[in-house]
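Down below is the structure, laid out as structure tokens.
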Amino acid sequence: MLAIISAMQEEIALVQQSLTGASSRATGGREFLTGQLHGTRVVAVFSHWGKVAAAATIAQLLSSWPVTELVFCGVAGGVRADLGIGDIVVASDLIQHDMDASPLFARYEIPLTGKTRFTADAGINARLVAAARRFVHEDLHASIDAVELREFNISQPRVASGLIASGDKFFSTGADLAGLRQRLPDTACVEMEGAAAAQVCEAFGVPYGVVRVISDGADDHAARDFPRFVRNVARHYSAGLLAHFVRGG
Ligand code: ADE
């Protein structure tokens, strides 16, 4: 069984609408929807924002459903200079950029795990990259309003792999972005849940992947770009990409 998680309802709405034979169960303040996504049994839920919400949701999910793999999908702020709005990032590894128990542990190290970075599952990643490429090449222009594609200057999005930095902060100034780039120069994009999902999946021994589409530049324009992208674009990326993922590329 595949678990699909997003932080926001807008990101997962179209995936949930695509489920056949769906049934829902509400527990712990979340609504878990199960059903078939193009023939694959899935459980799909939105966690709410931030590391605590993601961890609580995923711990419940992995305790209650026989999940064999998990994909977290949604939007992120672009950090790497070559990534623009509409590009897709598959996490090679993930870091909690706001974890700092120094001097007791190294900065970013998650106490008692010995880890500063979590490595996503290589097999899931290869399938996510293949699915993202197919979505971009085959479906993007048919599934997203041309006005929105023009607004965000999206034509042929890139599909990249790299470090995803997660923490309980929405990046919305050039100064904060510059600070993150200086502290963690190999960061591809920033969001608020992925590395928490990774930590819980590792604790449960469940293989996972995190895939993000860039909704904003994590800069002074982020508070303008993010809401429009989430409202009008994000759900098409999630549903289109995951359709290819469950069909096998
Ligand atoms: N998710 C999408 N955009 C983001 C940003 N600018 N900061 C943190 N998380 C985000």
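Details
- From Phe245, Phe229, residue being open to solvent by less than 10 Å² (accessible area, probe 1.4 Å) and within 16 Å of the ligand (Cβ to nearest atom): Phe229
- For region 52-87, residues that are more than 16 Å from the ligand (Cβ to nearest atom) and β-branched (Val, Ile, Thr) total 5.
- Residues within region 196-212 that are surrounded by fewer than 17 Cβ atoms within 10 Å (Cβ to Cβ) and polar (S, T, N, Q), tallied: 0
- Test: residue in region 119-139 that is touching a Leu at 6+ places or on another chain (Cβ under 9 Å), over 17 Å from Lys51 (Cβ atoms) and of a type in the set (S, T, N, Q): yes
- Residues of region 142-156 that turn out to be away from the ligand (no atom under 16 Å from the Cβ), surrounded by 11 or more Cβ atoms within 10 Å (Cβ to Cβ) and within 19 Å of Val211 (Cα to Cα), as a count: 2
- Segments classed as strands (runs of 3 or more DSSP E), wholly inside region 1-100, with at least 3 members that are of a type in the set (Gly, Ala, Ser) and closer than 29 Å to Glu151 by Cα: 69-78
- Matching residues, region 101-110, being in a loop (DSSP other than H, G, I, E, B) and aliphatic (A, V, I, L, M): Ala101, Leu104, Ala106
- Among the residues of region 204-235, those identified as in a helix (DSSP H, G or I) and in contact (Cβ under 8 Å) with a residue 60 or more places away in the chain are Phe204, Ala222, Asp225, Phe226, Arg228, Phe229, Val230, Arg231, Asn232, Ala234, Arg235.
- Condition check for Cys189: within 10 Å of the ligand (Cβ to nearest atom) and of a type in the set (A, V, I, L, M, F, W, C): yes
- Of all residues in region 175-195 being open to solvent by 30 Å² or more (accessible area, probe 1.4 Å) and in a helix (DSSP H, G or I), the one that is farthest from Val210 (Cα to Cα): Ala175
The values are calculated or read from the model by the stated rules, or taken from the named source; none is laboratory data. Values in this document were obtained by computation on a predicted structure and should not be read as measured data. Cβ: placed from backbone, ideal geometry, glycine included. Neighbour counts: every protein chain shown. Areas reflect the complete protein model, heavy atoms only, side chains present, ligands, DNA and RNA absent. Shrake-Rupley method; radii C 1.70, N 1.55, O 1.52, S 1.80 Å.
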